[in-house]
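Here the structure is laid out as structure tokens; the discussion comes afterwards.
The values are calculated or read from the model by the stated rules, or taken from the named source; none is laboratory data. Here the structure is a predicted model, which means the values were calculated and not measured. With ideal geometry, Cβ positions are generated from the backbone for all residues, glycine too; neighbour counts draw on all protein chains shown. Surface accessibility is based on the protein's heavy atoms, side chains included, excluding ligands, DNA and RNA. Shrake-Rupley method; radii C 1.70, N 1.55, O 1.52, S 1.80 Å.
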Amino acid sequence: MDQEGSGAVVSLAPALSREDQPRVSVIMANYNGYAFIARAIRSVLGQTLRDLELIVVDDGSSDASCSIIQRAADQDHRVRLVTTGPRGGPASARNRGLAIASGEWSCVVDSDDLLARSRIEVLLSQAEADGCDIAVDDVLVFSTTADFTPRTLFVDDFARHPQWIDLATYTRWNQVSKSRMSLGLSKPIIRRSALTRHAVAYHETL
């Protein structure tokens, strides 16, 4: 999925009015995720925090993914479908979702992810209580492969109690081939004003 490109958005759901702006925008990039995306969408819409929007950016799928997404949008006004032109890769798709997000907070999930039911509410509550712009939680890595043993992402002190993560710590624990975990694989919730203030976006050539 690491493919360079910058296909233009050719179809876009209407933007929300100001009074309908949600607290959290969930961005989901999709490419041929037919086998898993219905469950991923349900896990977002079933969150205990109801005040959210789900922006699903389909990156040129050739399967029936879009029909599933559109059906979800027809049934729940919080779902927005965005389709792109030539496939640009996951970074490009996520950037398009973030560009139209209207929530105070944003978070990225994948089209094969499943969220614990109170996950977003707990992360948001903790972030606001601590006055921080980013909060991150653990991840349970699992697979449909029979011989794969599920494992959590966090290890050692990270798995035992909450803590602050500075730049040096993030860098040290973000070397995929050199450590037992990579914080870069986590899915944080981020205050959207922090992204816009610092012009943060995914690098679309990676």
Inset, instruction - For SER118, tell me the accessible area in Å² from a 1.4 Å probe, rounded to the nearest 10. - result: 50
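Under a 1.4 angstrom probe, counting protein chains only, how are GLU104, GLU53 ranked by accessible area, largest first?
Details: GLU104 90, GLU53 0 Å².
From most exposed to least exposed: GLU104, GLU53.
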Inset, instruction - Enter the angle in degrees (range 0 to 90, nearest 10) between the Cα long axis of helix 90-100 and the first principal axis of the Cα atoms of the chain, meaning the one along which they spread out most. - result: 70
Legend entry - Sum of -39500 (n - 2.57) over DSSP H runs of 4+, divided by residues of the chain (222 nm, nearest 500): -8000 deg cm²/dmol
Legend entry - Area of VAL82 that stays accessible when all protein chains are in place (1.4 Å probe, Å², to 10): 0
Legend entry - Cα Rg, Dmax, the stretch 31-100, angstrom units: 11.8, 36
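Could you calculate the FRET efficiency of GLU128 with ALA35 from 1/(1 + (r/R0)^6), where r is the beta carbon distance between them and R0 is 45 Å, rounded to 0.05?
Values: r = 36 Å, r/R0 = 0.79.
Calculated value: 0.80.
Add +1 for every Lys or Arg and -1 for every Asp or Glu among the other residues with Cβ under 14 Å from the Cβ of LYS187, and state the total. Walk me through the numbers before you get to the answer.
Values: positive: ARG94, ARG119; negative: ASP110, ASP112, ASP113, ASP137, ASP138.
Taking every other residue near LYS187 into account, the sum is -3.
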Legend entry - Range of Cα positions in the stretch 125-206 per principal axis (Å), largest first: 45, 35, 25
Legend entry - Solvent-accessible area of HIS198 with every protein chain in place, 1.4 Å probe, in Å² to the nearest 10: 120
Inset, instruction - Write down the accessible area per residue of the stretch 98-165 in Å², having rolled a 1.4 Å probe over the full set of protein chains. - result: 61
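Which order do you get for LEU98, LEU123 if you rank them by accessible area with a 1.4 Å probe, largest at the top?
Working: LEU98 35, LEU123 15 Å².
Solvent-accessible surface, decreasing: LEU98, LEU123.
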Legend entry - Once exposed loop chymotrypsin sites (Phe, Trp or Tyr not before Pro) are cut out (DSSP; at most 10 other Cβ, 10 Å), longest piece of the chain: 1-147
Inset, instruction - Please report, to two decimal places, log10 I(q)/I(0) for the stretch 57-135 at q = 0.11, 0.16, 0.18 Å⁻¹ as given by the Debye formula with identical point scatterers on the Cα atoms and no solvent. - result: -0.37, -0.75, -0.92
